[in-house]
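J.: Sharing a structure with you now.
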Amino acid sequence: MKVLILGGIKEAYQLAIKLVNEGHDVTSSLAGRTKEPKPVEGKTRIGGFGGVEGLVKYIKENEVELLIDCTHPFAKQISVNAIKASKITGVKLKINSREPWQKQSGDQWIEVKNLDEARDYIPKNARILLALGSQYIDLFKTRKDVFFLVRMIDKPETQISLHDHQLLIGKPSNDLQQEQAILEANKITHIVCRNSGGTGAYAKIEAARKLKLPIIMVSR
Ligand code: NAP
């Protein structure tokens, strides 16, 4: 089958390998947010489609037979577009969504509805590991009383708008010890993150549990 995977996360890479091995003609679509994305099995296309209309056009022109939404659970717009494009074209849509992390014994989560609430919850003079996409950093600039350790995959092209901060460039480690070492070395008091689910970014949750650190967690 001609399959279009809307990807950008680890599970989408794994899915592409599986479907290519099964003999499907697979194209993975990436938004183009990371500078040097990991090569994906099969074909790759990069960049937005141009809304629902663009996605519909792409599906028709490329005779896509199956559309798979395997995007990040907090990437909302592309998922809405996928549903609409599937309805318009009649092409079957499969949604592969990650389950959220479940709170475990020892976890100290402060669950909030959105990033504004997360920002307002941060106690005065806290030291925060901000584990979010770079597009969300600006929201925290009013918290001049707080130190932020900002983790991002690529070095930012423009200056970060936060008052007191340090950058931590690279993907999160999936090693508990490494994540613990980062939290301890930077005297982190809280983590701010979203309940993304999956295994790739879970080590920080385990490290926080071990160190008894609270996590300000944006729920799904
Ligand atoms: P979004 O808000 O849902 O999408 C915004 C726009 O970006 C979409 O309307 C679409 O542009 C384009 N786009 C998004 N995903 C695309 C894809 N896979 N292929 C082609 N175009 C795409 O998405 P986002 O939150 O910015 O996330 C962008 C990508 O990063 C997604 O692929 C997602 O899986 C990945 N990602 C996101 C997060 C996160 O925290 N949001 C974390 C890790 C990975 P057009 O309307 O022009 O088509």
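J.: Would you tally the residues in the range 199-210 being open to solvent by less than 50 Å² (accessible area, probe 1.4 Å) and in a helix (DSSP H, G or I)?
T.: 5
J.: When you check Val80 against the structure, is it within 16 Å of the ligand (Cβ to nearest atom) and in the same structural domain as Ser28 (by TED's automatic domain parsing), yes or no?
T.: On the way: within 16 Å of the ligand (Cβ to nearest atom): yes; in the same structural domain as Ser28 (by TED's automatic domain parsing): yes.
The answer is yes for Val80.
J.: Could you check the range 1-26 and list, in sequence order, the residues that are within 12 Å of the ligand (Cβ to nearest atom) and without any contact (Cβ under 8 Å) to a residue 24 or more places away in the chain?
T.: none
J.: Let me ask another. Given the residues Ser86, Ser29, Ser97, which is the only one that is crowded, with 18+ Cβ neighbours inside 10 Å, more than 9 Å from the ligand (Cβ to nearest atom) and among the hydroxyl-bearing types (Ser, Thr, Tyr)? Spell out how you get there, then give the answer.
T.: On the way: Ser29 fails: more than 9 Å from the ligand (Cβ to nearest atom); Ser97 fails: crowded, with 18+ Cβ neighbours inside 10 Å.
Testing whether each residue is crowded, with 18+ Cβ neighbours inside 10 Å, more than 9 Å from the ligand (Cβ to nearest atom) and among the hydroxyl-bearing types (Ser, Thr, Tyr) leaves just Ser86.
J.: So, one more: For a quick check of your reading of the model, give me the residue pairs whose first member lies in the range 39-58 and is within 8 Å of the ligand (Cβ to nearest atom), whose second is of a type outside the set (A, V, I, L, M) and in a loop (DSSP other than H, G, I, E, B), with beta-carbon atoms closer than 7 Å and at least 6 apart or on different chains.
T.: Ile46/Gly32; Gly47/Gly32; Leu55/Phe49
Rundown of residues vs (1) within 19 Å of the chain's Cα centre (by Cα); (2) under 23 Å from Pro172 (Cα atoms); (3) not in a helix (DSSP H, G or I), yes/no style:
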residue: Val3; (1), (2), (3): no, no, yes
residue: Gly8; (1), (2), (3): yes, yes, yes
residue: Tyr13; (1), (2), (3): yes, yes, no
residue: Glu41; (1), (2), (3): no, yes, yes
residue: Val56; (1), (2), (3): no, no, no
residue: Ile59; (1), (2), (3): no, no, no
residue: Glu63; (1), (2), (3): no, no, yes
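J.: Just wondering, is there one or more residues in the range 103-126 that are touching a Lys or Arg at 6+ places or on another chain (Cβ under 9 Å), open to solvent by 50 Å² or more (accessible area, probe 1.4 Å) and either within 14 Å of Gln166 (Cα to Cα) or of a type in the set (Val, Ile, Thr) (or both)?
T.: no
J.: May I ask you to list pairs of residues, at least six apart or on different chains, whose Cβ atoms are under 6 Å apart, with the first in the range 158-177 being open to solvent by less than 50 Å² (accessible area, probe 1.4 Å) and the second being in a strand (DSSP E or B) and aliphatic (A, V, I, L, M)?
T.: If the second residue must be in a strand (DSSP E or B) and aliphatic (A, V, I, L, M), the pairs left are Leu168/Leu149.
J.: What number goes with the only condition from (1) touching a residue at least 24 places away in the same chain (Cβ under 8 Å); (2) assigned by TED's automatic domain parsing to the domain that holds Arg194 that Lys141 does not pass?
T.: Result: Lys141 passes all but (1).
J.: Among the residues that make up the range 62-74, is at least one of them open to solvent by 70 Å² or more (accessible area, probe 1.4 Å) and either within 6 Å of the ligand (Cβ to nearest atom) or aliphatic (A, V, I, L, M) (or both)? Give the steps one after another, and end with the answer.
T.: Going residue by residue through the range 62-74, those that are open to solvent by 70 Å² or more (accessible area, probe 1.4 Å) are 63, 65.
Going one step further and asking which of them are either within 6 Å of the ligand (Cβ to nearest atom) or aliphatic (A, V, I, L, M) (or both), we end up with none.
Among the residues of the range 62-74, not one is open to solvent by 70 Å² or more (accessible area, probe 1.4 Å) and either within 6 Å of the ligand (Cβ to nearest atom) or aliphatic (A, V, I, L, M) (or both), which makes the answer no.
J.: Here's something else I'd like to know. Quick check on the range 35-45. Is at least one of its residues surrounded by 14 or more Cβ atoms within 10 Å (Cβ to Cβ) and modelled with pLDDT under 95?
T.: Yes - at least one qualifying residue is present in the range 35-45.
J.: When the range 113-125 is examined, which residues are found to be away from the ligand (no atom under 16 Å from the Cβ) and hydrophobic (A, V, I, L, M, F, W, C)?
T.: Ile122 - this is the single residue of the range 113-125 that is away from the ligand (no atom under 16 Å from the Cβ) and hydrophobic (A, V, I, L, M, F, W, C).
The values are calculated or read from the model by the stated rules, or taken from the named source; none is laboratory data. Note that the structure is a prediction, hence the values are computed from the model and not measured. With ideal geometry, Cβ positions are generated from the backbone for all residues, glycine too; neighbour counts draw on all protein chains shown. Please note that ligands, DNA and RNA were not included when accessible areas were found on the heavy atoms of the full protein model with its side chains. Shrake-Rupley method; radii C 1.70, N 1.55, O 1.52, S 1.80 Å.
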